[in-house]
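Here's the structure, in structure tokens; my notes come after.
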Amino acid sequence: MTLNAAANDTRIKVTVASTMYVMSRVSAQGYFDAVDEEARYEMRKSLNEQRTVDYKNGEYKRAGGVVDPLLEDAPSFVKDYYDYYKTNRGYHERSLNSNDGWNTTSSLSFMNILLLQYSNEIRNAVLMIHGEKDHSLYFSQDAFKKLKGDNKKLTVIPNVCHTDLYDKTNIIPFEEITEFFKNMI
């Protein structure tokens, strides 16, 4: 969303995106682009059937937040999310990820949207920050490849996962962000 805003709003002078997700891509193609056309069609069918059920019930079915209890063989990024959203680090009673999750059908709105369609037209300065051990690193790497100009930078922080950049202030590169803003405005 941050890069979309930068592509759209010419008043923006500097953009910083950290631990980026491309929600339209992951909604339509799954993690690591593993969902093909047939699977996407079946997903649409199922989600649209759920929309009808939701309407009849007068409420939205929730997808559930981060799994709880955590399975021992859960992928590392699920463990990272659990460590954040299900502990004092990030738990909040109103947090969708901590509790009931998003509406089951909310991904439908992202499936046909082409986020980052015009990111190659961003003229302002862009700093993208991601962790080396982050399962979503490929989103930033692919988005960065589309950016043009010498005022763009991708910083990949070694041994850091997605949620580390949420709250671990000793890891978040505040000095780099500050200097980027100072030098690019």
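Compute the long axis of helix 37-57 from its Cα atoms, compare it with the longest principal axis of the Cα atoms of the chain, and write down the angle in degrees, 0 to 90, nearest 10.
60
Report the Cα-based extents of segment 138-177 along its three principal axes, largest first, to the nearest Å.
Sorted from largest, the Cα extents of segment 138-177 read 31, 22, 15 Å.
Take segment 1-106, compute every pairwise Cα distance, and split them into 10 Å bins from 0; I just need the percent in each bin.
12, 29, 37, 20, 2
Kindly sort Met23, Met128, Met1 by accessible area of their heavy atoms, largest first, with the probe set to 1.4 Å.
Accessible-area ranking of Met23, Met128, Met1, largest first: Met1, Met23, Met128.
Classify segment 107-165 as rounded, prolate or oblate from the Cα gyration tensor: take a ≥ b ≥ c as the square roots of its eigenvalues, call it rounded if a/c is under 1.5, otherwise prolate when a/b beats b/c and oblate if not.
Oblate, since a/c reaches 1.5 and b/c is not below a/b.
Output the antiparallel fraction of DSSP beta bridges having both residues in the chain, as a percent to the nearest 5.
Close to 10 percent.
Can you pull out the GluC sites (Glu not before Pro) in segment 68-135 whose DSSP state is coil and whose Cβ has at most 10 other Cβ atoms within 10 Å?
Glu72, Glu93
Would you mind telling me which residue in Val53, Val26, Val67 has the biggest mean-square fluctuation in a Gaussian network model of the chain, where springs connect alpha carbons within a distance under 10 angstrom?
Its mean-square fluctuation being the largest, the pick is Val53.
Based on DSSP H runs of at least 4 residues, each adding -39500 (n - 2.57), what is the mean residue ellipticity at 222 nm of the chain after dividing by all its residues, to the nearest 500 deg cm²/dmol?
So the calculated ellipticity at 222 nm is -11500 deg cm²/dmol.
With an 8 Å cut-off on Cα pairs and a minimum separation of 6 or more residues, tell me the relative contact order of segment 56-145 in percent.
28
Dividing the Cα convex hull volume of the chain by residue count, how many Å³ per residue is that?
Roughly 149 Å³ of hull volume per residue.
I'd like the orientation of helix 76-85 relative to the chain: the angle between its Cα long axis and the longest Cα principal axis, in ° from 0 to 90, rounded to 10.
The helix 76-85 is inclined about 90 degrees to the chain.
In whole Å, how far is the Cα centre of segment 147-182 from that of segment 97-114?
The two parts, judged by their Cα centres, are 27 Å apart.
The values are calculated or read from the model by the stated rules, or taken from the named source; none is laboratory data. Worth saying up front: this structure is predicted, and the values here are computed from it rather than measured. Methodologically, a virtual Cβ is constructed for each residue, glycine included, from the backbone with ideal geometry; neighbour enumeration extends over all protein chains shown. Heavy atoms of the whole protein, side chains included, go into the accessibility calculation; ligands, DNA and RNA do not. Shrake-Rupley method; radii C 1.70, N 1.55, O 1.52, S 1.80 Å.
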